[in-house]
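Report on the following structure.
The values are calculated or read from the model by the stated rules, or taken from the named source; none is laboratory data. Predicted model, so just to flag it, every value in this text is computed and none were measured. All Cβ positions, glycine included, derive from the backbone under ideal geometry; neighbour counts span all protein chains shown. Note: areas computed on protein heavy atoms with side chains; ligands, DNA, RNA excluded. Shrake-Rupley method; radii C 1.70, N 1.55, O 1.52, S 1.80 Å.
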Amino acid sequence: MKAYIQVKQLGKRKCSIEKMPVDFPVAPASVQELIEAVVSWQVSEYNERLLQSEMLKYLTREEMEDKAAAGKVDFGANYNGKPAAEAEAIINALQSYEDGIFRIFLNDAELGELSSPIQLKEESTLTFIRLAMLSGGLW
């Protein structure tokens, strides 16, 4: 099943959201299954990028302008070099969702609790929004 994921962090300067296609071998039936599937996919992608060491990485002018608009120009390299642990990442993501660190929308409807059923359809759009934590006093 092909769907699209877009990610937005509130408070970031760059407001454009790019859709990333994702293929789910089996459609997730609940919010928890959705989070687990997305985290597994992202951990796999991350670990693959670690294995593909590029000797010479360069940025095009367009990439530099996009990164400058976002507030950080980098090569996207992970200089730490440690592979991600899938089980830990899933536990962290599920706890973060329960703690309200991020919200998920399926098309235009916000998803509920982890056990809530979802109806993911072909070409659906999932939006992950990372909420900004406030520090200090009320204002």
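With K and R counted +1 and D and E -1, the other residues having a Cβ less than 12 Å from that of Glu86 yield a net charge of -3. Among the protein heavy atoms, those of Thr60 account for about 60 Å² of accessible surface (1.4 Å probe, every chain in place). Within the same chain, aspartates and glutamates fewer than 8 places from Lys82 are excluded, and of the rest, those with a Cα less than 19 Å from its Cα are Glu45, Glu48, Glu54, Asp74. Quick one: if you stick a label point 7 Å off each Cα along the C-beta vector at Glu123 and Leu51, how many nm between them? My value for the distance between the label points is 3.4 nm.
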